[in-house]
Structures are given as structure tokens and as C-alpha cells.
1. List every residue pair whose Cβ atoms lie under 9 Å apart, where the two residues are 6 or more positions apart in sequence or sit on different chains, the first residue falls within the range 177-192 and is among the acidic types (Asp, Glu), and the second residue, located anywhere, is outside any loop (DSSP other than H, G, I, E, B).
2. Any residue in the range 155-166 that is free of Cβ contacts under 8 Å to residues at least 60 places away in the same chain and open to solvent by less than 20 Å² (accessible area, probe 1.4 Å)?
3. Can you name the number of the only condition in (1) crowded, with 19+ Cβ neighbours inside 10 Å; (2) over 20 Å from residue 79 (Cβ atoms); (3) in contact with a helix residue (DSSP H, G or I) (Cβ under 7 Å, 6 or more places away or on another chain); (4) not hydroxyl-bearing (Ser, Thr, Tyr) that residue 151 fails?
4. For the range 1-96, list the strands (runs of 3 or more DSSP E) that sit wholly inside it and hold at least 1 residues that are closer than 22 Å to residue 115 by Cβ and open to solvent by 10 Å² or more (accessible area, probe 1.4 Å); which are they?
5. Could you identify the single residue in 27, 95, 23 that is within 24 Å of residue 343 (Cα to Cα), out of contact with any helix residue (DSSP H, G or I) (no Cβ under 7 Å at 6 or more places or on another chain) and in contact (Cβ under 8 Å) with a residue 12 or more places away in the chain?
6. So, in the range 50-91, of the ones that are in contact (Cβ under 8 Å) with a residue 40 or more places away in the chain and basic (Lys, Arg), which residue ends up nearest to residue 346 (Cα to Cα)?
7. Residue 107 versus (1) of a type in the set (D, E, K, R); (2) over 20 Å from residue 268 (Cα atoms); (3) open to solvent by 80 Å² or more (accessible area, probe 1.4 Å): which is the lone unmet condition?
Amino acid sequence: MKHLHLFQNEKFTEPYIEFINKNYNPNDHLFLIIGGINEKITPRENVIKLNRSIKSIYFLIKKMYKSEKILLHSIFIKQLVLLLFIQPWLLKKSNWIVWGGDLYSYKKKKRSLKSKLYEFLRSIVIKHIGEISTLVKGDFELAKKWYLTNATYYNAVYMNNEQNEYMDKIYNRKCESKRSISIQIGNSADPSNHHKEVIELLKKYDSENIKIYCPLSYGDMEYAKDVIDFGKKVFGKKFIPLEHFMKMNEYMSIMEKVDIGIFNNDRQQALGNILPLLYLGKKVYMRNNTTMWHEFNGDLKLFDINNIKTEKFNDFIKLDGDLKELNRKSLESRFDNNAIKKIWDDIFNSSNRSRN
């Protein structure tokens, strides 16, 4: 076993395991799943779900020592941070694949002594970790700035073959004439989406024939309820919250309907929604001060969310056909299996380079 993958079970855990087992020797990869959502993981010989018992922790430590490389798919698991802190020699062969919230938690206020202690442990682990892989380069720059790390940088990307197949079907499907304009706000019930700000921006279009889809199936459920109440108050039945996890075909059917995506996230987040929408030729608004904007604006045609303040409805819904094709062309490699495999080849082979 060369590569030990440590995961929480999240919506892209299963597709990633499928991608690795299909493109690499499964005997070289072991996936240990610790916590996360309750979605079922397909049983495989190289996938093990761990609880937080002493026996599981001992098993985890044993595998960490036996592996050539440890891949930390996000750093959300407190016990794992503690294990790495007290065994710093394991950090040289570790690669932190940043998801977003695990990096930007740096900015959250630490009120309790416990949270301050945990952030201290995290800071030591991140400072001395061997490698960091991010979905956008700007997140690595922030990791260096905030944690003074000397880690080696690698690009990373996650693959979902099922989603890609649906995207190609949707793109090649003949467009039907539509009566209403469908708008998607955000990707989750995370307060970093700032849903209410968007709802306020869109309020001036409330008399138009629109539908507003709002994915809120995971995250802070108290926050989700607050958003739903506010959205219903402003838009009534035009506001459609997506409160439950959906199968891929169901979610992609929503994406097919969407004409405009608005992502008011104040950090790197929602790329699993933003990039597919752009690939499908949809219009996407974002904040202009995030690492995502700086990474993609230029190669892709994005729209500044601040523009909505002064836009009339016809300008808001307008998207030039040439720009749609430009976005698709620019993103082809992002969804290409061979291109994604090359990215992970670089990450997996780095352990060999560091020993040579």
C-alpha cells in the first residue's frame, strides 16, 4: 500500500474513490473514511470506514506508518490533527488536499480556549506539512501567508464521471423554449454563501417570471431555515429551497434548468456547482475578491455580483452565445479524464521525487 487516503464521507468521496480505482492499481491505495455524511460508500476491498474507538485509532496509526504517502483530503478531523501534531515525523510524507472550509476556518473567531488550542495544533501541523494541494492556486498562497508553511505546492482536482456524463448529455440536448428564468443561489447551507444579500439584490426582479433554486441540503440547518423563511417572504412560491440530498440525475436536472448561477461565497467554495454551470453555458455571478475569481476570470467569462445592483432585468439575463462556447472550451481539460489523471500522477509520484 503506497498511498493512504484519509477522508470524511462527503458528496465527492465516492466519485473520487471510483476514479482512483479505475485509473490506478487499487492495491496501491487504501481509503479510510472517518465520519462525514451518512451517504453509503460502495463496499470495496481497499475502503474501510473507521469509528473513533481506540481500536480504530490504533489501526489508523499503523497504516499511517506503513504507507509511503498520506493524503489528507481536507483537515476537519480533530483526532487526526492531534495524531499528526504528536508525530510530526509523519508530516514529511503528508499532502493536505485543501477543500476550502478547512483553510478558511483560520478567519473564524476562536472564542473558547478549546478552539484556540485546536487552531494552535492545526497551525503547527500545517506549517510543517510536506505538501499542500489546492483546487485554486490562491488558496496555497493564503496557506503560506496564514501558516508560514514551506510545503511544496501541487494542483488538485476532483473527478465525477457520472456528473460529466450528464453534462455532456445536457449540453448536446436541443434547447427548448422557456417561459421563465431559473436562478440558482449558492451551493449549501453554509453562511459563507451570504444568501440573504443575494435575495435582497434580486428583490427588484420579483415581478418577473423567475424561479429561484437554493441548495440547502447540508451545512448549518438553523441557517438554512432562516434563509428559507426570508426567501419565501420575499419571493413566495418563486423561491424553491432544495432541502434534501438529491441523486446525481435529479440534481443535474435542476442544473439543466438553471440559466443564471449566483455565488456570493466569501471564500473558495462551490466549484462543483460553478464550473459545471459554466461548462453548460450558464451565466455565473461571483464575488470579485475571492481566490476563485482570480484563478478563473480571464480564461472564463465571469460576472461580478456587484453588477446586479445596477442591472435591469434584460441585462441581468443576457448572455452572449460566443461567451458560452468560450467557457466550455476553456473548461474541457478540467473535465477530461486524462488531464485529471495527469494532475494526480504528479501528486502520487511526488513521494518518489522526494526520496530521489
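1. 190/101; 190/219; 190/223
2. Taking every residue of the range 155-166 in turn, none turns out to be free of Cβ contacts under 8 Å to residues at least 60 places away in the same chain and open to solvent by less than 20 Å² (accessible area, probe 1.4 Å).
3. Condition not satisfied by residue 151: (3).
4. 3-9, 29-36
5. 27
6. 69
7. With (1) of a type in the set (D, E, K, R); (2) over 20 Å from residue 268 (Cα atoms); (3) open to solvent by 80 Å² or more (accessible area, probe 1.4 Å) applied to residue 107, the lone miss is (2).
Here's the yes/no breakdown for (1) free of Cβ contacts under 8 Å to residues at least 60 places away in the same chain; (2) assigned to a helix (DSSP H, G or I); (3) open to solvent by 50 Å² or more (accessible area, probe 1.4 Å); (4) not small (Gly, Ala, Ser):
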| position | (1), (2), (3), (4) |
| --- | --- |
| 295 | no, yes, yes, yes |
| 308 | no, yes, no, yes |
| 311 | yes, no, no, yes |
| 327 | yes, yes, no, yes |
| 332 | yes, yes, yes, yes |
| 338 | yes, yes, yes, yes |
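The values are calculated or read from the model by the stated rules, or taken from the named source; none is laboratory data. What you see is a predicted model; the values in this text were computed from it and never measured. Positions of Cβ are generated from backbone atoms using ideal geometry, with glycine treated the same way; all protein chains shown enter the neighbour counts. With ligands, DNA and RNA removed, areas are computed over all heavy atoms of the protein, side chains included. Shrake-Rupley method; radii C 1.70, N 1.55, O 1.52, S 1.80 Å.
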